[in-house]
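Derivation of every value follows stated rules applied to the coordinates shown; laboratory data play no part. These numbers come from a predicted model, not from an experiment. A quick note on method: Cβ atoms are made from the backbone with ideal geometry, for glycine too, and the neighbour counts reach across all protein chains shown.
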Amino acid sequence: MNTSVIAIDNIRAAVARRPAELAVARQAGKKVVGWIGYNIPEELIHACGLIPIRICQGGDNRLAEIGANYISTQNCFFLRQCIGLFVERQDPYVRELDALATDTTCLQLYRMATLLEHYFQTNVIFLGVPKNREVPEADAYFTQEVGQFLSQMEKMAGRPLDEGSLTRTLKLFAGIRQAITQLYEYLANDRPLISWRDVLEVVQAGYCLDRAQYLILLQELLGELAERAAAPCRTVERRVRVLLAGSLIARGDTKLITILEECGARVVGDLIWSGMAPFVNLAVKEYSLAGLVAAYYSRLPHGAIPHMEVDNDDRLIVLQELAKKTRANGIVYYSLRYCDPFSFKVLCTKNAMKRIAVPLMEAQTEYSPEDTENLRTRVEAFVEMLDCAQARREWQDE
Amino acid sequence: MLKKKNEALFVGVDIGSLTTKAVAYSPSGIIVTAMIPTGVIPEKSGREILENVLASADVSRKEVNAVVATGYGRITAEYADKTITEITCHAKGAHYLHASTRTIVDIGGQDCKVIRLDEDGNVADFAMNDKCAAGTGRFLEVISQVFKISLEEMGTLAQSEAPLVPINNTCTVFAESEIISLLARGERAESILKGVFRAIASRVSGIAARIGVDGDVFFSGGVAKNCGMVAALEEVLQCPIVSLEFDPQLVGALGAAVLASELRVKS
Amino acid sequence: MNKAKEIFRYPEEIKAAFLASGGLTFENKQVSAEEIWRFMTVDGPTRFPASFTIDPNLGGFSPDVDFFAGIKHNYYRLTEFDRLRNRYQRGKKIVVVQDGPTELLQACGCVAARPPFHWMWAMRDVEGLSLEEAERRNSALRNECKKCMPAECCSIVAPFHTVRTSKAPVDFLAPVSYMACSDAVFTIETTRSDDNPVPSFIMDFPVHDHSGSWRVEYLAAQFRLLARKLGAITSIKVTDEALNTVIVRQNRLRRLARECTKLWWDAPTPPLNSSDRFVLGLRCWEQEDETAVIELLTEARAEVARRVTDRIKGAGIVDDPVRILVCGSCAHLNAHMVEQAGGVIVGNEEWLNNMTMHIDETGDPFINLASAACAMPYEQPPEKRAAWIAQLAQMSRADGVIFIYNWGCNYQSAMARVLMDIVKTKTGLPTTWLDIIQSGRQTSGEQLRTRVEAFIEIMQRHRAAKKIK
């Protein structure tokens, strides 16, 4: 990790302080609502005066094994680890939860949440998400579901949602999204001072930090990066530019990024659900509840939402655009074993990227270390392949 | 073949999970090859085989222009000038041996790969098995222990006219007990063995489908020496497999040596 | 001798009684008992020798040759593709589903084909195959399917490949993303890259269980849209009245199936073995077969009633077998294996879920269909689903509950433990869960046998201990 950027150190320090802050806040009567999902309108949690915390820890095979005792070994590792977190209750964020919100975008996740309800008496609040948008009733369904979700947030907060509070929250979150977008744009430049690993750390810091404080820290970071010069030119070998896509790389899941770095690839961006993807196409046009619902309804769809046409699949279009914008040489498509929404789409995504001449490699893995060398060989071979192609292109340009 | 005087010499070392291979190569061609079991310490096997080929070629280490290491044990090859993955090395090696190769199937002890090449022998695409022994040499070893025959005999028996009995299990361990049940049911060993090779070939074909099979198909790795596997693969992929005199187990090391010759090593 | 190669023969001794038992009616045409007998003893073994294997471990017919409704059921199954081919040639549309609103599909003039059914159609396209040849063909088709899918895909959805390669006719794909299965939806999604993809419409089942009307309205709207899309290929505009008519008929069939099943459950001794008991839950997927299905169920009910009165036990069952309720989706235990070990299967949760459904017959039929779907016990959150399973266990007098699922099934595997834990707490019965590989007749062989036998031993001890108390 990059330690020469002061703002990142500050963010890290804020994250370190956060569990203690949460404990104090709860003692003072504040309520904490954790959430795991892909369409939870976090803004509503915040606007009701509750503290939203996105639960997104991964990479711990031990916890995944514990979780598998409740769910099964044929379920996604991330979800297994989630259960493991609730079994042990050692995680400071899980300990401080008053409720857990989840949505039905990913049905494995929904199922996992029903287990948390049953085995650990977790107060789970569900939000239904429609997957068939061809019928107008889908919009009405989502609107009603969000309405019901809001009622539960209001009940927890002990007061109805204040319009002014909602407006302020929506502006705040819009500011955060804008800052994150700018951070990713910076990352794709030549010779950035920070790496993708740093950016992911910053993005995921936002899952737990006080949101107003987080925006300030983000702005400080952007300011510092703008003020400082680019990283010095080094006589290094040509660096391959890689874009990451797929499901999610949770906090603590460092296997792939470590291998990529060791192979000499530079990750210039991502479209994963623990990185950039939640911020894509999420634009609240009207600062109201209706505006928020409309924004979430039309955001970039998660892989678990089926789409039957290739030509107008936003996921593919956005990925193609991002690959071009970041000048990626190739895409590493990350999925966890048993994550069906993403692993079933590999071939189609690969073919779509072929149309813009960007190779794609699937990196399917899990949290156990057993397949590390297998994954390393694959990633290294892919980087070699891209490197070779890049060398040929440069030779032809000469 | 002897190295010509003043000719450059390059060595490729392939440290696999079961065997370590090396090829010494010069612009005139292949000078010498060697293969030894990998053993517990891959680094030791790598050094040992390097010494072997140098001795056979009657040259010292100083006379070697570059060494490239590949295979699972490449991360321990500090004696190498560069490490390159076996995917790239197999591609280069197969292309060297048969320039029309466009698809390589490599079945090793622990993994199975399908590689697509361009006309210059560069990797265009590849796919590998996930964390599972099905479709690898390990699967065949387990089965040979059930039948108490050698791998070569398995291949020969599977070539008989007996009708195939499908093996349904995707797990190596469960396939073993499925085979025992089939034997108890009265099925012939030849039929079952046909099913075993077909099961591996189907697994490979599933991996191959992810990237497509194109042009001449080259089969490398130790399992390529098994006639039963070659026949099953040809049947499932519905195309002939390129047949050469060269030991398919040495293709990775050869490719590494050829890649070593392409390195611009700073003197 | 290899048992798999021998052919099952119905004994001549039963022929006279069988001929006197009456035939079946398909599309107002009577198929006589004589014709059925000829098919089951001459034509069938020639056309489908694989289905007539005598090795019960590999499938094959029930040994209970005195259960004539069972023989007729086998005839019904073996000839269903002949009838379907005929109807298809006359313009019937084939819609591949994954359960869902089959009443709607019938009202639209379509045939609802589940993946295993569509798969069987592809398999039966080639006749005269021995069991070995059929197994090879089955295996080859499955391997072809798996090339297009990730390795951890459930083997049951692999048959969707028969859809994309048109090995059997298909006009439309209409899965509902029920909790029972999601892989089907992702599998169908992969067909979108095909050159000529089959028209499809993926319906979303809103899983979040609550009292709001918007859930039902959303699902009903999708059903209406499906009806319009199917109307575009069939030229049939479904009216509320037409749909209600089908609902009424299907409700009646389900009531009949429930009566048969209750008779069986209440009998002191199981009057039919596990395979034949399955006949009692026969569903009618095609309107044209409805009369025949009613005739079968009516005859089955009468035969069961007689056996209960005469205290006749199903063939192959031991005296006082342990009674097993099987839960889960798309997976079955080999009945012979269970019975050899001293058990009998009293029901299958998935099958009972459909059987116990009652769709309101007045008002908006689309809303009623959607309401019934949302209320299906099988699709409820774990506490509710388990409560229903516990109720089934009580009604069927089960001695234990086994939950089985296919390897690769994210959904059912996730629910296995929690459902069995709740059922165990509620009923005090032994419960367990198993994953199996349903990849052909030889399904998971010895591993499964060991586990099932061990569980049967547990149930036997538990029951004995209860009696002592």
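Using Cα positions and a limit of under 18 Å, work out the lysines in reach of C:LYS15, with same-chain residues fewer than 8 apart set aside.
Straight-distance partners of C:LYS15: C:LYS72.
Average projected area of the Cα convex hull of segment B:101-243, in nm²? Could you put the intermediate results ahead of the total?
Numbers: hull surface 31.4 nm².
Averaged projected hull area, Cα only: 7.9 nm².
Compare the peptides C:34-40, C:356-362 by average per-residue count of other Cβ atoms within 10 angstrom and give them in order, highest first. Walk me through the intermediate numbers first.
Working: C:34-40: 17.4, C:356-362: 15.0.
The peptides rank, most packed first, as C:34-40, C:356-362.
Restricting to bridges with both residues inside chain C, how much of the DSSP beta-bridge set is antiparallel, in percent to the nearest 5? Could the numbers behind the result be given before it?
Values: 4 of 28 bridges.
Just about 15 percent of them are antiparallel.
Measuring from the lowest to the highest alpha carbon on each principal axis, how far does segment C:337-393 reach, largest first, in angstroms?
49, 22, 14
Computed over the Cα atoms of segment A:71-154, what is the convex hull's projected area averaged over all directions, in nm²?
Average projection, Cα convex hull of segment A:71-154: 6.3 nm².
What does the net charge come to around A:ALA381 if you take all other residues with beta carbon closer than 10 Å to its beta carbon, with K and R at +1 and D and E at -1? Mind dumping the intermediate values first?
Values: positive: A:ARG376, A:ARG378, B:LYS113; negative: A:GLU380, A:GLU384, B:GLU86.
Local charge sum for A:ALA381: 0.
Rounded to the nearest 5, what % of DSSP beta bridges with both residues in chain B are antiparallel?
Working: 24 of 37 bridges.
Around 65 percent antiparallel, to the nearest 5.
Along the positive direction of the dipole of chain A (beta-carbon charges: Lys, Arg +1; Asp, Glu -1; about the Cα centre), which of A:ALA323, A:ILE216, A:CYS388 reaches farthest?
The residue sitting most towards the positive pole is A:ILE216.
Of all alpha-carbon pairs in chain C, indicate the percentage at a distance above 43 angstrom. Mind dumping the intermediate values first?
Details: 10756 of 109746 pairs.
In whole percent, the long-distance tail amounts to 10.
Over the whole of C:217-229, what's the average partner chain Cβ count within 10 Å per residue? Rounded to a whole number, please.
Values: counts 5, 13, 5, 2, 8, 6, 1, 2, 4, 1, 0, 0, 1.
Mean number of neighbouring Cβ atoms from other chains: 4.
What is the total of Lys pairs in chain A with C-alpha atoms under 23 Å apart, excluding same-chain pairs fewer than 8 positions apart?
Counting lysine pairs in chain A gives 16.
Tell me what chain B gives for mean residue ellipticity at 222 nm when only DSSP H runs of n ≥ 4 count, each as -39,500 (n - 2.57), the sum divided by the residue total, rounded to 500 deg cm²/dmol. Present the calculation step by step, with values, prior to reporting the outcome.
Values: 8 runs with 104 residues, N = 267.
Calculated at 222 nm, the ellipticity per residue is -12500 deg cm²/dmol.
With the dipole of the protein assembly as shown worked out from charges on the C-beta (+1 for Lys and Arg, -1 for Asp and Glu) around the Cα centre, which of C:MET337, B:THR20, A:LEU63 lies farthest toward the positive end?
Final value for the positive-end residue is A:LEU63.
P(r) for chain B: what percent of alpha-carbon pairs falls in each 10 Å bin, starting at zero?
Here the calculated profile for chain B is 7, 30, 32, 20, 8, 2, 0.
What does the average come to when, for each residue of peptide B:203-209, you count the partner chain Cβ atoms lying within 10 Å of its Cβ? Mind showing how you got there, number by number?
On the way: counts 4, 0, 4, 9, 2, 1, 6.
Averaged over the peptide's residues, the number is 4.
Summarise the partner chain shielding of A:380-392 as one whole number: the mean count of Cβ atoms from other chains within 10 Å of each residue's Cβ.
Working: counts 7, 13, 5, 1, 9, 10, 1, 1, 7, 4, 0, 1, 3.
That works out to 5 on average.
Please list 3J(HN,Hα) in residue order for segment C:463-469, calculated via the Karplus relation 6.51 cos²θ - 1.76 cosθ + 1.60 where θ = phi - 60°; whole Hz, with x for glycine and proline.
Once θ is set to phi - 60°, the couplings for segment C:463-469 become 5, 4, 5, 5, 5, 4, 5 Hz.
How large is the charge dipole for the protein assembly as shown, taken about the Cα centre, if only the Cβ atoms of Lys, Arg (+1) and Asp, Glu (-1) carry charge, to the nearest 20 debye?
That gives the protein assembly as shown a dipole magnitude of about 1080 debye.
Among the lysines, which fall within straight-line cross-link reach of C:LYS92, defined as a Cα-Cα distance under 22 Å, with same-chain neighbours fewer than 8 residues apart omitted?
C:LYS29, C:LYS167, C:LYS229, C:LYS237
If one takes the longest principal axis of the Cα atoms in chain B, at what angle in degrees, from 0 to 90 and to the nearest 10, does the Cα axis of helix B:42-57 lie?
60 degrees
On a straight-distance basis, which lysines could pair with B:LYS21 in a cross-link, Cα separation under 22 angstrom, same-chain partners fewer than 8 positions away excluded?
Correct list for B:LYS21: B:LYS3, B:LYS44, B:LYS62, B:LYS82, B:LYS92, B:LYS113, B:LYS225.
Need one number: convex hull volume per residue for segment B:1-47, Cα atoms only, in Å³. Present the calculation step by step, with values, prior to reporting the outcome.
On the way: hull volume 3.1 nm³, N = 47.
About 66 Å³ per residue, rounded to a whole number.
What order, most packed first, do the peptides A:248-259, B:197-208, C:193-204 have when packing is the mean number of other Cβ atoms within 10 Å of each residue? List each step's numbers first, then the result.
On the way: A:248-259: 20.1, B:197-208: 24.9, C:193-204: 17.1.
In decreasing order of mean packing, A:248-259, B:197-208, C:193-204 become B:197-208, A:248-259, C:193-204.
Once phi is turned into ³J(HN,Hα) by the Karplus curve 6.51 cos²θ - 1.76 cosθ + 1.60 with θ = phi - 60°, what whole-Hz value does each residue of segment A:41-55 show in order, with x for glycine and proline?
x, 4, 4, 5, 4, 5, 5, 7, x, 9, 9, x, 9, 7, 8
Farthest toward the dipole's positive end in the protein assembly as shown, which of B:ALA57, C:PHE201, C:MET123, given Cβ charges of +1 (Lys, Arg) and -1 (Asp, Glu) about the Cα centre?
In the protein assembly as shown, that residue is C:PHE201.
Neighbour counts of other C-beta atoms within 10 Å: give me B:HIS90, C:HIS332, A:HIS46 arranged from fewest to most.
Values: B:HIS90 33, C:HIS332 17, A:HIS46 23.
Going from least to most buried by this count: C:HIS332, A:HIS46, B:HIS90.
For a footprinting-style exposure proxy, rank C:ARG90, C:ARG449 by other Cβ within 10 Å, fewest first.
Values: C:ARG90 7, C:ARG449 18.
Neighbour counts put them in this order, fewest first: C:ARG90, C:ARG449.
By how many nm would the segment from B:GLU119 to B:ALA184 grow when fully extended, if each residue of separation counts as 0.36 nm and the alpha-carbon distance is taken off? Each step should come with its number before you reach the end.
Numbers: separation 65, 0.36 × 65 = 23.40 nm, distance 5.03 nm.
Stretched out fully, the B:GLU119 to B:ALA184 stretch lengthens by 18.4 nm.
Rg (Å, one decimal) plus Dmax (Å, integer) for the alpha carbons of segment C:367-433?
In order Rg, Dmax, the Cα atoms of segment C:367-433 give 12.7, 39 Å.
Assign unit charges at the C-beta atoms only (+1 for Lys and Arg, -1 for Asp and Glu), then state the dipole size of chain C relative to its Cα centre in Debye, rounded to the nearest 20.
Numbers: 58 positive and 58 negative charges, 96 e Å.
It works out to roughly 460 debye.
Take each of the peptides B:179-186, C:274-281, average the number of other beta-carbon atoms within 10 Å over its residues, and list them starting from the highest.
Numbers: B:179-186: 15.4, C:274-281: 24.9.
By packing density, highest mean first, the sequence is C:274-281, B:179-186.
May I ask you to sort B:LYS113, C:LYS262, A:LYS31 by Cβ crowding, counting other Cβ atoms within 10 Å and putting the fewest first? Display every interim value, and only then the final one.
Details: B:LYS113 25, C:LYS262 15, A:LYS31 19.
The most exposed by this proxy come first: C:LYS262, A:LYS31, B:LYS113.
Using alpha carbon centroids, what distance separates segment B:1-40 and segment C:284-322, in Å?
Measuring centre to centre over Cα atoms gives 74 Å.
May I ask for the angle, rounded to the nearest 10°, between helix A:107-120 and the longest principal axis of chain A, with both axes built from Cα atoms and the value confined to 0 to 90°?
For A:107-120 against chain A, the angle is about 50 degrees.
Going out from 0 in 10 Å bins, what whole percent of all Cα-Cα distances in the protein assembly as shown drops into each bin?
For the protein assembly as shown, the binned pair fractions read 2, 9, 17, 21, 20, 15, 10, 4, 1, 0, 0 percent.
With +1 assigned to the C-beta of every Lys and Arg and -1 to the C-beta of every Asp and Glu, and no other charges, what is the dipole magnitude of segment B:101-243 about the Cα centre in debye, to the nearest 20?
Working: 13 positive and 19 negative charges, 89 e Å.
The dipole magnitude comes to about 420 debye.
Restricting things to alpha carbons, find the Rg to Rh ratio for chain A using the Kirkwood radius for Rh.
Numbers: Rg = 20.9 Å, Rh = 21.9 Å.
So for chain A, dividing Rg by the Kirkwood Rh gives 0.95.
Among DSSP beta bridges lying fully in segment B:101-243, give the percent that are antiparallel, nearest 5. Walk me through the numbers before you get to the answer.
Values: 10 of 16 bridges.
Just about 60 percent of them are antiparallel.
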